[in-house]
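Read through the structure below, which is laid out as structure tokens, and then see the notes.
The values are calculated or read from the model by the stated rules, or taken from the named source; none is laboratory data. Worth saying up front: this structure is predicted, and the values here are computed from it rather than measured. Glycine gets a Cβ as well: all are built from the backbone with ideal geometry, and neighbour counts include every protein chain shown. We work out accessible area using only protein heavy atoms, side chains counted, and drop any ligands, DNA or RNA first. Shrake-Rupley method; radii C 1.70, N 1.55, O 1.52, S 1.80 Å.
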Amino acid sequence: MGKNKAVIGTQWGDEGKGKIIDWLSEDADGIVRFQGANNAGHSAIITLEGITHSLKYNLIPSGYAHHGKWNLMAAGEMIDLAHLVKEQKLVFNELEGRVGELLLDLRACVTIPYHIGLDKANNAHIGTTNRGVGPAHEDRAGRRAIRILDFENPETLKQKIIENTLHANHLLLIGKNHVEQYDPNKVFDEVMEAYQKVKGFTKIIDGKRFLAERVNVDNQTVLFELSQGYMLDNILGTFPMVTSSRTIASEVTAGTGVYIELDNRIGVVKAYTTRVGNGHFTTELTDDIGRRIQEVGKEVGTTTGRTRRCGWVDLVPIYDGDITNKYTELNLTKLDVLTGIPTIKVCTAYELDGSKIEFIPPNLSDYERVKPVYIELPGWTQDITGVRDFDKLPQNAQRYVDKIENLVNIPIRYIGTGPERNDMIIRN
Ligand code: GDP
Ligand code: IMO
Ligand code: MG
């Protein structure tokens, strides 16, 4: 029987999902993205025949570097075709063609250039990735979105694009920031050209039927890769400072169309917290320690190049996300980045108006008033980069991991000790 695993961000994204997806892909038959868009930026660093390759994935599943595996971009993923062309070319060239198979569900909706304009015009206060994600999801909910299957009928597609461009132009006129109008014919030519290029390296299929057969008939092992993190979920996150898609494990079925029994729901937790974009951040450090974490952890956005805000690890999003995702185990990433900090703080609860709480208040104005309740743990000085055995970690690093494990009451099975594929401790 195949084993199905989902990898889920537990914080505000960028926890290191790409690395563990790439690592776990070794034992999977296929890897699936099924929500989010190219707002995601997932990194994997691998060494092949002595040469180190730094890979960035936005739309393509992070298992693509594994030759012989299939990688499905399922119905729920929002696809920017022009971006996909550039992304695939970069990875393909970097790996000299040693990549897996790429598949795209014909139900997937696409991001059109005017979505990017609309994002810039209206969403600056959120600090979005400006990838058109919000407006593209609005069009999907509004039932006017263009789907991959529409490209097989260019006449009808052109008509739809003209209508949608006029609709977008109208919204741009009343947008908060000025953004130029779009020419419908140019938009059509651009997306059609990108679609033709995508067909050169991606098989367009009925992803639901494909996946159902792999899982239910062939008993294959499938890895489900979420993007973003629990705190950015469109309903349960720190609304409205969130993304426009769902970022929770149960989206596996909604975004692929196939009922999936998940054997493992692996929550990815950075050993500290980062947030890119705007919004309240309870454990944020604006002092030298925050700057040090930012520098040592190279906390710069994979997608936008923005500096990520840094702070202490906050366990409240993990307690809260565990109610939704029921994590079977955790991957604690970037433990190596904390080396050299004399005293490390862990936020174990919030204080709100004199009461101690252990959940994310649904109202943003309450959330903005919570104060972190910290415990303090002694740090370590010995470099732990690349350590692969838990017993070889300094005592205080072991204590830090064990303390978090005890507080969240979820096994920490994987521990990241560096950015490269094999910089990982596995505990059984
Ligand atoms: P994702 O969006 O969750 O896939 O995470 P990103 O790729 O955006 O950001 C994680 C960053 O941390 C990337 O630059 C990774 O190469 C790096 N990284 C992942 N795990 C580790 C780790 O254990 N140690 C260190 N030092 N870097 C890591
Ligand atoms: P990965 O998959 C970190 C954030 C943006 C912004 C908010 C809304 O790499 O973890 P959007 O463009 O989605 O409308 O922006 O969400 N955001 C992310 N932050 N990692 C991501 O993805 C993110 N995807 C979106 O910075 O605050
Ligand atoms: Mg990222």
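General remarks:
- Flagged links, alpha-carbon separation over 25 Å, of Lys270/Lys371; Lys17/Lys86; Lys19/Lys86; Lys89/Lys270: Lys89/Lys270
- Accessible surface of the range 1-137 [probe 1.4 Å, protein heavy atoms]: carbon and sulfur percent: 54 percent
- Solvent-accessible heavy-atom area per residue, rounded to whole Å², over the range 265-423 at 1.4 Å: 44 Å²
- Neighbour cut-off at most 16 other Cβ (10 Å), DSSP loop, chymotrypsin sites (Phe, Trp or Tyr not before Pro), the range 296-361: Phe359
- Accessible area of the range 354-428 belonging to carbon and sulfur atoms, whole % at 1.4 Å probe: 46 percent
- Heavy-atom surface of the range 113-198, accessible at 1.4 Å and reported per residue (Å²): 54 Å²
- Most positive-pole-ward Cα, Thr417, Thr129, Ala145, against dipole of the chain from beta carbon charges: Ala145
- Across the range 413-423, rounded Karplus estimates of 3J(HN,Hα) from the backbone phi angles (6.51 cos²θ - 1.76 cosθ + 1.60, θ = phi - 60°) give 8, 10, 10, x, 10, x, x, 6, 2, 8, 7 Hz, Gly and Pro being marked x.
- For Glu101, residues with placed amide H under 5 Å, excluding near neighbours: Gly68, Lys69, Trp70, Asn71
- Sparse-neighbour loop sites [trypsin sites (Lys or Arg not before Pro); the range 270-299; at most 16 other C-beta within 10 Å; DSSP]: Lys298
- Kirkwood Rh, Cα atoms: Rg over Rh of the range 159-285: 1.06
- Dipole magnitude of the chain, debye to nearest 20 (Cβ charges: Lys/Arg +1, Asp/Glu -1, about Cα centre): 240 debye
- The loop-placed trypsin sites (Lys or Arg not before Pro) in the range 159-255, going by DSSP, that have at most 11 neighbouring Cβ atoms within 10 Å of their Cβ come out as Lys176.
- In the chain, helices alone account for a calculated mean residue ellipticity at 222 nm of -9000 deg cm²/dmol, with every DSSP H run of four or more residues adding -39,500 (n - 2.57).
- Relative packing of peptides 128-137, 52-61 - highest average C-beta neighbours within 10 Å first: 128-137, 52-61
- Our coupling estimate for the range 2-7, obtained by passing each phi through the Karplus curve with A = 6.51, B = -1.76, C = 1.60 and θ = phi - 60°, is x, 10, 9, 10, 10, 10 Hz, Gly and Pro reported as x.
- Share, in percent, of DSSP beta bridges within the chain that are antiparallel, nearest 5: 45 percent
- Whole-percent carbon and sulfur share, accessible surface of the range 166-227, 1.4 Å: 51 percent
- The protection proxy used here, the mean number of other Cβ atoms lying within 10 Å of each residue, ranks peptides 277-287, 108-118 as follows, highest first: 108-118, 277-287.
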